[in-house]
1. Would segment B:79-96 turn up any residue that is over 15 Å from residue B:142 (Cα atoms), more than 12 Å from chain A (Cβ to nearest Cβ) and in contact with a helix residue (DSSP H, G or I) (Cβ under 8 Å, 6 or more places away or on another chain)?
2. For segment B:162-186, give me each residue that is touching a residue at least 24 places away in the same chain (Cβ under 8 Å) and not in a loop (DSSP other than H, G, I, E, B).
3. Would you mind stating whether residue A:71 is part of a loop (DSSP other than H, G, I, E, B) and not assigned by TED's automatic domain parsing to the domain that holds residue A:121?
4. So which residues in segment A:34-51 are under 30 Å from residue B:122 (Cα atoms) and either more than 7 Å from chain B (Cβ to nearest Cβ) or touching a strand residue (DSSP E or B) at 6+ places or on another chain (Cβ under 9 Å) (or both), if there are any at all?
5. When only residues in segment A:52-66 that are touching a residue at least 12 places away in the same chain (Cβ under 8 Å) and at the interface with chain B (Cβ under 7 Å from one of its Cβ atoms) count, which is nearest to residue A:121 (Cα to Cα)?
6. In segment B:8-31, what residues are part of a helix (DSSP H, G or I), in contact with a helix residue (DSSP H, G or I) (Cβ under 6 Å, 6 or more places away or on another chain) and at the interface with chain A (Cβ under 7 Å from one of its Cβ atoms)?
7. Looking at residue A:122, is it without any contact (Cβ under 8 Å) to a residue 40 or more places away in the chain and touching a helix residue (DSSP H, G or I) at 6+ places or on another chain (Cβ under 8 Å)?
8. Among the residues of segment B:125-133, are any within 24 Å of residue A:26 (Cα to Cα) and under 16 Å from the mean Cα position of the chain (by Cα)?
């Protein structure tokens, strides 16, 4: 015995959400139908609207419903500095940290030959073209400190390194507020290798 | 700085799902747009379809897109035995346990004066009418063993008790496979009060 067909379809469809298994999907479907039908309608419209309208920024590949995203079309930002990140979530994280006034390039992933994801799948041909034609003077590599993120950063260094632009990798080390005792060994070694001189003022 | 408006709307709408906070909603929205747009379309349609078509069974109040749900319209089931449960999920649980061949009455909640939920809000007027007019001979009270569920069961006992129908409450006790050591005190006391005599065969 199962629920009625339309309800079963809804439960099955909810499982496309990350982290939602059969039990959560059932709980969500029953909650929406019993307590929040208007919310369910709003969600249906928002999904439809997002799928139909949201595409990628022509320049930085970030998700947007415009041709050029808000950051790329903001003339007050430094158009010649690019920060390369993996996902739109990373852009938001850097923006919320504040202080960075350049533009972005969003890979929408990382190099992963094992999954068949090569340079073109993450838009590196477009990045190279931009660097060549748009007078980029600095590239900051902010891919994740994972094996794939590091490999992607290394590939980018090789690809763009010979063009006389400034390239840097964001620092890895002990997070602020973290305690040495609880930080893992590789992070700690990164923190030692990347140590900066202190100067008596 | 935030995401683009359509994306922000999607993230906000996803929060109507139970147990989904701002961070999960963001992760879900980005996942759908980056990796599973077809899943998002399917989900939008399933939500729309469910909201438009799923209503309540005329007889047992369970969620269904039919006038009478599959269980109520199944003539092989005993139409004169009713099991009273709180939610459609409870119906599924009893059905999956197997063995019960009667029908259901789904309260879609429980009595909760503090939230303004009275007898009529959980369909008790309809239940009373059914018991009077449809020759119900047995009612099994399977509301949850919570304060509200017990209060609802007590109210039902008072409401239907004088009509000469058999009424029972499902047993509460130590779950199968459970260990006495880890069972809470109230459950254990229930298990003692509800003990059944053993007979030498």
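1. no
2. Initially, segment B:162-186 is screened for residues touching a residue at least 24 places away in the same chain (Cβ under 8 Å), giving B:163, B:165-170, B:172.
Correct list: B:163, B:166, B:167, B:168, B:169.
3. Taking the combined requirement at face value, the residue satisfies it.
4. Once the filter is applied, which keeps residues that are under 30 Å from residue B:122 (Cα atoms) and either more than 7 Å from chain B (Cβ to nearest Cβ) or touching a strand residue (DSSP E or B) at 6+ places or on another chain (Cβ under 9 Å) (or both), segment A:34-51 yields A:34, A:35, A:38.
5. Taking the candidates together, the pick is A:63.
6. B:9, B:10, B:13, B:14, B:26, B:28, B:30, listed by residue number.
7. Working: without any contact (Cβ under 8 Å) to a residue 40 or more places away in the chain: yes; touching a helix residue (DSSP H, G or I) at 6+ places or on another chain (Cβ under 8 Å): yes.
Yes; evaluated as a whole, the condition is true for this residue.
8. Keep residues of segment B:125-133 that are within 24 Å of residue A:26 (Cα to Cα), which gives none.
Within segment B:125-133, none of the residues are within 24 Å of residue A:26 (Cα to Cα) and under 16 Å from the mean Cα position of the chain (by Cα).
The values are calculated or read from the model by the stated rules, or taken from the named source; none is laboratory data. Note that the coordinates shown come from a computational prediction; the quantities given were computed from them, not determined experimentally. All Cβ positions, glycine included, derive from the backbone under ideal geometry; neighbour counts span all protein chains shown.
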